[in-house]
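Take a look at the structure set out below.
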């Protein structure tokens, strides 16, 4: 594959523990190849220790009103498997077809750069070790991992053509990932609220769609 990622320089960027999340992600985005890349290549850069950072990167494309064909399914499935790996405490496993599927780097880069605005905003309000009641403890970790998986499933729901249907669960995943990295219970709480908002929004969509179908059925059969 032409234009592969520079694994060495990216790994060095991720190893700088003192670097803010935004700087680490910006370095990865800057080194994306000009034409194609695969999810497997991204995973090699981040490694199992950087899965939450990878999750942040993958959610960025869902936080802007731009549709990139084929990305939502691949990224959504990958985020879901990240959540499962965290829940069961095992290394991330991705199907070969998912790892090797080519992604349009030329379209991804501008979308990721725009999505970085969310990371910078969250960095300004995130505080490490805040509201630790939401992040410290086995029960809290279990609940947060399950909530992470729920957000990934909501992200994969077939409502992509409806405004905000990807944005709300994408925000939840962003909050969860940053909250886990920073051990920030405030960000985790925002993730829970975004999940609840997504469920309410989807409930309205489903309820409204059902009412519309029922009305049309009565109109044409009455």
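Read the figures in this text as sums done on the coordinates, not as results from a lab. Bear in mind that the values here come from a model prediction, so they are computed numbers and not experimental data. Methodologically, a virtual Cβ is constructed for each residue, glycine included, from the backbone with ideal geometry; neighbour enumeration extends over all protein chains shown.
Express in nm, to one decimal, how much length is gained between residue 93 and residue 129 on full extension, taking 0.36 nm for each residue of separation and deducting their alpha carbon distance. Intermediate results must be reported in sequence, preceding the final value.
Numbers: separation 36, 0.36 × 36 = 12.96 nm, distance 2.98 nm.
Taking residue 93 through residue 129 to full extension adds about 10.0 nm, to one decimal.
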At q = 0.19, 0.20 Å⁻¹, what log₁₀ I(q)/I(0) does region 133-189 have when each alpha carbon counts as one equal point scatterer in the Debye sum?
-0.63, -0.68
Ranked by how many other beta carbons lie within 10 Å on average, peptides 72-83, 136-147 from highest
72-83, 136-147
For the pair residue 84 and residue 138, what calculated FRET efficiency results from E = 1/(1 + (r/R0)^6), where r is the Cβ-Cβ distance and R0 = 30 Å, to the nearest 0.05?
0.95
So how much slack lies between residue 205 and residue 164, counting 0.36 nm per residue of separation and subtracting their Cα-Cα distance, in nm?
13.6 nm
Taking the mean number of other Cβ atoms within 10 Å as a proxy for protection, how do you rank 96-108, 165-177, 184-196, 51-63 from highest to lowest?
165-177, 51-63, 184-196, 96-108
May I ask you to derive the FRET efficiency for residue 35 and residue 100 from their Cβ-Cβ distance with R0 = 25 Å, giving the value to the nearest 0.05?
0.95
Once the piece of chain linking residue 197 and residue 27 is laid out straight, how much longer is it, given 0.36 nm per residue of separation minus the C-alpha distance between them?
58.0 nm
How high is the relative contact order of region 72-161, in percent, with contacts defined as C-alpha pairs under 8 Å that are six or more residues apart?
53 percent
